1. Arranged by the count of other C-beta atoms within 10 angstrom, fewest first, what order do B:60, A:272 take?
2. If R₀ is 35 angstrom, what is the calculated FRET efficiency for the pair residue A:14 and residue B:8, using the beta carbon separation as r and rounding to 0.05?
3. Mind giving me the nanometre distance, one decimal, between the label points for residue A:44 and residue B:67, set 7 Å out from Cα along Cα→Cβ?
4. FRET efficiency for residue A:51 and residue B:185, Cβ-Cβ distance as r, R0 = 60 Å, nearest 0.05?
5. Quick one: order B:86, B:32 by neighbouring beta-carbon count within 10 Å, fewest to most.
6. Take residue B:158 and residue B:20, extend 7 Å from each Cα along the Cα→Cβ direction, and tell me the distance between the two endpoints in nm.
7. Please give the length that would be gained between residue A:116 and residue A:58 if that part of the chain were fully extended, namely 0.36 nm times their separation in residues minus their C-alpha to C-alpha distance (nm, one decimal).
């Protein structure tokens, strides 16, 4: 069988020029509309993307600026600590270790928070931190004191905590009377519970690393006490079990500070503290 | 000419494919090609519409690599035709539906479009030779269908077909030759069937597909 008849048949089947003019134009209109719609959508997308990119870039630049500022100025001007960081204050005494000291506000013995603020504060306004009592003479070193936690922060309760390594000095107002013995400010880097309800009773044995003598500042009138965190504090002599550590390490790991009255031998103590700040 | 300069005229300002330019240049070709393969004007119109809407939707991922853009168009059209042939219930995205979606089809125009389709379909129906050939051609594998339709029903040269399909001329010649052989075998089988059943009086030993 020759191929030619098939070819001839195929040629006879040609449809010739066939056009769908109206349909063709309508389809073109549809395509044109679809293209325009798509182009508008693309332009809108581009604008949104550009705004988003600018936002991201701006955020990135601001982030870098913040990091730079923090690195360049690691010590913020002032941070108020007294009673407004949300950390608990608590009193403590040697009663828990067999001594006969008495302190007010009462110590916490079962995890409850017995601390109360006293009025009026500095300038006869608001409240102050006050602790008073009698340092016992039964134990070798009768002591009473008040302590507050510096860190770590407790986001759940809103307390912020504070890293005192970023600061150069501590400042607070103080008044009162310590009839015998000595009042020291202790920086402790003991590992403490992160719980916001941690009290003296629940704290592990603190490691009082550095101390500063502040007895002379306790007078009947409010005195401003300013101490250089690196120069005015000395490694705690009483801490025989504690290996010497550099002040920077202690500041970096500082967990609490204490106003600590010791060697009072039955003396009456009444100390008011207000406007505590690091700067 | 750099091979990347191929189809340069179909690129928009951003270097992406310009669907409207492509449409203006190739709509008639694609429509006739699909009509020659299906014999149904409405299906051919809808498949052609679908081809260009598919191009429109995929234009952002089309890369000009040197292969002619027509090869892409004919491949889409061929695949749509195969789907339609395999499953006649399958309908491509109807133009009317797309127009309604885009809200650009006035009711007055709808009647005109239908009338035009009916007129063209009547013209196609009058060509009995086309229907006879179409019956055999659509049974061929797709690769033979496309070259035979382009060569014999659309009178394209071997070179033109090679350009349109993005294949070598030698390949096109070979495909046409094999396609014709397939066609001859299928027509002979049918002829034998008719002869065996007394439905056809053999007039000449070399009649090919002329079964009337």
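Throughout, read-outs are computed from the coordinates displayed, never taken from laboratory work. Just so you know, these numbers come straight off a predicted model, no measurement behind them. When we count neighbours, we look across all protein chains shown, and the Cβ atoms used for this are built from the backbone with ideal geometry, even at glycine.
1. Details: B:60 11, A:272 20.
Fewest-to-most ranking of B:60, A:272: B:60, A:272.
2. Details: r = 33 Å, r/R0 = 0.93.
According to the calculation, E is roughly 0.60.
3. So the two model labels end up 3.4 nm from each other.
4. Working: r = 66 Å, r/R0 = 1.09.
It comes out at approximately 0.35.
5. Details: B:86 8, B:32 21.
In increasing order of surrounding Cβ atoms, one gets B:86, B:32.
6. About 4.0 nm separates the two model spin labels.
7. Details: separation 58, 0.36 × 58 = 20.88 nm, distance 4.68 nm.
16.2 nm is the gain from fully extending residue A:116 to residue A:58.
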